[in-house]
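Where a number appears in this text, it was derived from the coordinates with a stated rule and is not lab data. Since the structure is predicted, the reported quantities are computational estimates derived from the model, not experimental observations. Neighbour counts are summed over all protein chains in view; Cβ atoms, including those assigned to glycine, are modelled from backbone coordinates with ideal geometry.
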């Protein structure tokens, strides 16, 4: 019996690394590895290097810049992740690593499922019914803001309110917006704002973040608190692509906290234009009213009826009895009151007009001694000492010379 | 405008102004009252403009105490 000793094949280092590379890269082209992140380092180039580990093993990993850009959560040591990608072998070192195309926190799949289930359930229950969305007040006196005291959200909201509608009052309720304590705190804040009843609209939200960061806004308790809130709710969670359950329940959904503030209050310019319109309508209507009234009073004064009353008064006066005296007083007082009222109206209304005109640069010139209005340059020359009234005060002046204006040819 | 009117909220003042304009237009007031209303309208307009020029947003904070009650804290200045 001959023993055939099979000699093991001999590889050069390069050869064996090449074979291993072919085997590993061929076999593990699309895998998901679950592990805990450690040694996370972001290179200046934008590539992210990390290690995945569990109780007894480690695996080197890299996520190249183009893929690292789409990671939507913080890569921190200790976070459990699912890394999807392929294995590559670095022949020069005889090492291998995971090239991850995507990284997501472990448990995200469960969160997404929970999100879809709750969404469907609350939808079926009618919590998202467009018919129960309430209209927001056009000009709220008080806006409640429920968000984190430390985030950019509250700064964005306050600065937007200040810029657009600074007369609004803000009731700020600071709450944690992520982590376990967030949802209960948001619920209590919403209930408090609802029961106080001193806010006209409430903004609840936070800046953008990962699905995990935003999770409080996908909790059923928060959805129900928004639903039962007696004050209309604007949700403002994260950025455009993150639609939370809270967004679905809220009366109005804003894509960002800044937009929530813009929705909550009107813009200053719009309102100023509206005020200007109302004031000019005020003036127009009053002028029409005065014109109407004065023509009626003139008619009355001319009327036959008044002539008869006057005749009656005169007769009564001639009789000089008690009734006549009373009648005269009453009639006289009525007439005087009417005339005085009309004079006042005319004077005040035209005074208002004149002041406006004078503000544009027109002046009124009177004789300094008599106070008589001067309507022509010749009258001014005759006066010598004049007062010139501007809208804000009067100056005294002495007329030296009249400079005639050449007459236009007719 | 009376003392009372100074404390009107923006919306109250605007509503009042809109009401006055509508009533003036409809000729609802006697003449003398029309003028009063006109002047009130001007004052309300000024009041609204002044409110829109406010330099500082009024911010009250409502903080939850450990016992679960909410208490109004110090007013913060707007940023």
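Where Rh denotes the Kirkwood radius from the mean inverse Cα pair distance, what is Rg over Rh for the range A:140-209? Result: Rg/Rh = 0.97. A simple spin-label model places the labels of residue A:60 and residue A:369 11.1 nm from each other, with each point 7 Å out along Cα-to-Cβ. On the principal axes of its alpha carbon atoms, the range B:4-72 extends 61, 25, 17 Å, with the longest extent given first.
Using 0.36 nm per residue, how much length does the chain from residue A:116 to residue A:74 gain when fully extended, once their Cα-Cα distance is taken away? Numbers along the way, then the final one.
On the way: separation 42, 0.36 × 42 = 15.12 nm, distance 2.37 nm.
Roughly 12.7 nm would be gained on extension.
Packing-wise, with mean Cβ within 10 Å as the measure, how do A:363-371, B:7-15, B:65-73, A:137-145 rank, highest first? Show your work: numbers first, answer last.
Details: A:363-371: 14.1, B:7-15: 17.9, B:65-73: 9.7, A:137-145: 21.7.
Descending mean neighbour count gives A:137-145, B:7-15, A:363-371, B:65-73.
A crude spin-label estimate for the pair residue A:123 and residue A:41, with each label 7 Å from Cα along the Cβ direction, gives 4.7 nm.
On a full-extension model of 0.36 nm per residue, what is the gain between residue A:2 and residue A:377, subtracting their alpha-carbon distance, rounded to one decimal in nm?
Numbers: separation 375, 0.36 × 375 = 135.00 nm, distance 14.51 nm.
Computed gain between residue A:2 and residue A:377 is 120.5 nm.
Available extension along the chain between residue A:23 and residue A:138 is 34.6 nm, counting 0.36 nm per residue and deducting the alpha carbon span. If you take the Cα centroid of the range A:265-286 and the Cα centroid of the range B:31-69, the two points sit 16 Å apart.
Express in % the proportion of alpha carbon pairs of the range A:13-106 at distances exceeding 17 Å.
Working: 2115 of 4371 pairs.
That tail contains 48 percent of the Cα-Cα pairs.
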